[in-house]
Amino acid sequence: MRRYWERYKFHSLFIKIFIVMVISIIAVAISASWTTVRMSEKLFMETFSITNSKVINQIKAGFEAFHYSIVTATNNTQLSGTIKSFLTEEDSDSLRVQRTYYNMTTQMKKIQSTLDTYQVGIKIMGKNGRSYSTNTNNLLMKDDELREHELTRNTLAEPKRLMYQFFQESGRDTPDKASMIVASKALMERTTGDIYGTLYFTIHEMDFQPFYASFVSTGNDVAILNRDGVIVSSNRSELMGQPAVELLRAAKEIGEKQLDYMNIDFQGNSSILIANYLSSYDFYIVNLIDKKTALGQMVDTKTVALICSAIVIVALIVVFIISRRLTRSLTLLTRQMSKITQRNFHNYITVTGSFEFQELGHAYNYMLDELNEYVDKLVQTQKEQRNAELAALQHQINPHFLYNTLASVNFLVQQGSKEKAVHTIHALISMLQNALSNVSETISVARELENLKSYVFINHVRYGERIRVNFFILPDCMEFQLPKLIIQPFIENAFFHAFTQKSEGYIHVLISREAGDLICEVVDNGDGMDGGEDGFPASGPDSKRQLFTGIGIKNVHDRLVLLYGGHYGITIKSRKGEGTAVKIRLPLIRGQKEYQYPKKEQTGQ
């Protein structure tokens, strides 16, 4: 494994260049092929949609011819006095009844002759209870059932309209035979508008199919939809009588937006849909073309894939040869430079080889000389700057703080509160030891917590306990290290600047972990500032709050950036009248566990 790693290390540039070229060539080949296929598909769909639209118009013409024959038969029926007499007069003597039936039969044969081209049955029912039907394609139900059936109710609801409806009979063995399209019309008096009968034309769905059967093929299907989205006729028998609301919705959208076609998913297949509205029937003609079947006949995907693969392989061989020659000289130089120890700038390479190698070697050695000199100066400058910043921050303790603390101790002694005075002096000593110790030292969270409590204790002695301070520290954060005097300035800031308008309040100190960082927060419910609700960087030049050291929030933020990098620092959120929240982000630095924080003190002081 080590041998392979060494080989990869010296040839990594060649490998990266080759991988990039491989990905680029493959991407270009796939993109070009995909674009070509998609353009072909688009051209095919547009051409196919134009052709099939003409086919749809031919199918529509056949339906209109059938509708014209039905309209002619309907008009002849309404104009026939014989039929009207048959459906309106009451029964009298048998001779008159026989004559009426004879005349009715003669008249119906004439009307039936206009529909001989189609396998259509005719049935008439009158308000006097009489009915007449031809012997072909009749509805298999009794007259009483038909009068109460939905076919009749829909017809009488719109008496002036010739209505086409879908009907499935029960009691048939074959589903195709059981499905019918029924054209119905109410027979009305022309002067009064009174309904004296109903007329029904019935045609089986299998006899309806010849209107479009010659235009269908594998993957190219036709379906007729009624106004409810039910398929009343189709070359695919499994679709008969099935609801297809999505097809109806797409067909309406094509008509409303005047689209040539639409892409839809129907029963798990990606299809092209072409539709036309049959206004006479209130039906939609829908042409469904299966994309996979249609496009598979146009584009040979396997051949395209083989050609693209061959082109890619040839291109990769050429790229391999060219890239290898270009990177070989750099690989040799890299082998020489690899002798340099990591972060050791004193291992100069031996200048040998051709003119190009020698120039590169001299330039590299000269760079090391300059770099060594620059690094030495930079390290010394940063060291001096860091020590100066830390020393300035730690030694500028406010003299008034010391004076007032000692004055408070003197007052406690005079009052006889010697024990409290002793505690105050111990707290002050602890603070001074922490502030004046080694400037490069960090302390644990546990030690910082003790110093903060000492500071809070002194302030409570001096000013009373109108401002409560609570500490919320996660136990697993106690051993982490943080720079000294990072949290205390913000507590002092809250003590002396956050409660100038409010008489009392609280300060919360929270220390936790977040996404691999140590988070220290100081939150008060004091007067707040005009900084707004959004967090703003503490390093801004207009920061108004100044810490007890006189250096300011910006310097504390810059100190953290200097120590740990730009990811860390201080942000502040504040709202006028509601308080201020200071958030300090530090890295997780583990140290020796020097203090065990009691569990009972986790949620407050």
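The values are calculated or read from the model by the stated rules, or taken from the named source; none is laboratory data. What you see is a predicted model, and the numbers here were worked out from it, not measured in a lab. Cβ placement follows ideal geometry from the backbone for every residue including glycine, while neighbour counts extend to all protein chains displayed. Note: areas computed on protein heavy atoms with side chains; ligands, DNA, RNA excluded. Shrake-Rupley method; radii C 1.70, N 1.55, O 1.52, S 1.80 Å.
Out of LEU378, LEU412, one residue alone is surrounded by 12 or more Cβ atoms within 10 Å (Cβ to Cβ) and modelled with pLDDT of 70 or more. It is LEU412. For region 278-288, the condition of being more than 42 Å from the chain's Cα centre (by Cα), modelled with pLDDT of 80 or more and open to solvent by less than 30 Å² (accessible area, probe 1.4 Å) holds for at least one residue.
If the condition is being farther than 24 Å from ARG559 by Cα and either open to solvent by 30 Å² or more (accessible area, probe 1.4 Å) or touching a helix residue (DSSP H, G or I) at 6+ places or on another chain (Cβ under 7 Å) (or both), then region 469-501 contributes VAL469, ASN470, PHE471, PHE472, LEU474, PRO475, ASP476, THR500, GLN501.
Tell me which residues, restricted to region 465-490, are in contact with a Gly (Cβ under 7 Å, 6 or more places away or on another chain) and among the charged types (D, E, K, R). The one that is in contact with a Gly (Cβ under 7 Å, 6 or more places away or on another chain) and among the charged types (D, E, K, R): GLU479. Scanning region 355-375 for residues that are at pLDDT below 70 and surrounded by 12 or more Cβ atoms within 10 Å (Cβ to Cβ) gives PHE357, GLN358. Filtering region 450-468 to residues that are of a type in the set (A, V, I, L, M, F, W, C) and open to solvent by 10 Å² or more (accessible area, probe 1.4 Å) leaves PHE457, VAL461. Taken over region 252-262, the criterion of being more than 21 Å from ASP228 (Cβ to Cβ) and open to solvent by 80 Å² or more (accessible area, probe 1.4 Å) is satisfied by LYS257, GLN258, ASP260. Restricting region 157-169 to residues that are part of a strand (DSSP E or B) and modelled with pLDDT of 85 or more leaves a set whose member that is surrounded by the fewest Cβ atoms within 10 Å (Cβ to Cβ) is MET163. For first residues located in region 204-217 and free of Cβ contacts under 8 Å to residues at least 24 places away in the same chain and over 17 Å from ALA65 (Cα atoms), partners that are open to solvent by less than 60 Å² (accessible area, probe 1.4 Å) and not in a helix (DSSP H, G or I) and lie 6+ apart or on another chain with Cβ distances below 8 Å form the pairs VAL216/VAL222; VAL216/ASN235.
When LYS292, LYS252 are checked against the criterion of being at pLDDT below 90 and either assigned to a helix (DSSP H, G or I) or more than 35 Å from the chain's Cα centre (by Cα) (or both), LYS292 stands alone in meeting it. Restricting the first member to region 460-473 and to residues that are within 20 Å of LEU412 (Cβ to Cβ), and the second to residues that are of a type in the set (A, V, I, L, M) and open to solvent by 30 Å² or more (accessible area, probe 1.4 Å), the beta-carbon pairs closer than 9 Å and six or more apart or on different chains are ARG462/ALA407. Restricting to region 189-227, name every residue that is farther than 25 Å from GLU169 by Cβ, not polar (S, T, N, Q) and not in a loop (DSSP other than H, G, I, E, B). Passing the criteria: ILE195, TYR196, PHE215. Just a yes or no: is a residue in region 27-37 closer than 21 Å to VAL120 by Cβ and either modelled with pLDDT of 80 or more or open to solvent by 30 Å² or more (accessible area, probe 1.4 Å) (or both)? No, there is no match, as no residue in region 27-37 is closer than 21 Å to VAL120 by Cβ and either modelled with pLDDT of 80 or more or open to solvent by 30 Å² or more (accessible area, probe 1.4 Å) (or both).
Looking only at region 170-192, how many residues end up being open to solvent by 20 Å² or more (accessible area, probe 1.4 Å) and either under 12 Å from LEU139 (Cβ atoms) or at pLDDT below 85 (or both)? Final tally of qualifying residues: 10. Exactly one residue among ILE231, ILE203 is buried (at least 21 other Cβ atoms within 10 Å of the Cβ), over 19 Å from LEU162 (Cα atoms) and among the β-branched types (Val, Ile, Thr), and that residue is ILE231.
Name the single residue, out of those in region 518-571 being acidic (Asp, Glu) and at pLDDT below 50, that is nearest to LEU588 (Cα to Cα). Per the criteria, the residue is ASP534. For region 295-319, a residue qualifies if it is more than 30 Å from TYR212 (Cβ to Cβ), exposed (fewer than 14 other Cβ atoms within 10 Å of the Cβ), modelled with pLDDT under 80 and not β-branched (Val, Ile, Thr), and the qualifying residues are ASP300, LYS302, ALA305. Any residue that is open to solvent by 30 Å² or more (accessible area, probe 1.4 Å), of a type outside the set (D, E, K, R) and in a strand (DSSP E or B) - is there at least one of those in region 426-446? For region 426-446, residues open to solvent by 30 Å² or more (accessible area, probe 1.4 Å), of a type outside the set (D, E, K, R) and in a strand (DSSP E or B): present.
On inspection, VAL422 passes the criterion of being modelled with pLDDT of 75 or more and hydrophobic (A, V, I, L, M, F, W, C). Taking each residue of region 115-142 that is farther than 11 Å from GLY197 by Cα and looking for partners that are β-branched (Val, Ile, Thr) and open to solvent by 60 Å² or more (accessible area, probe 1.4 Å) with beta-carbon atoms closer than 7 Å, six or more apart or interchain, yields GLN119/THR136; GLY121/THR136. If I filter region 388-398 for residues that are at pLDDT below 75, surrounded by fewer than 11 Cβ atoms within 10 Å (Cβ to Cβ) and out of contact with any Pro (no Cβ under 8 Å at 6 or more places or on another chain), do I get at least one hit? Within region 388-398, not a single residue is at pLDDT below 75, surrounded by fewer than 11 Cβ atoms within 10 Å (Cβ to Cβ) and out of contact with any Pro (no Cβ under 8 Å at 6 or more places or on another chain).
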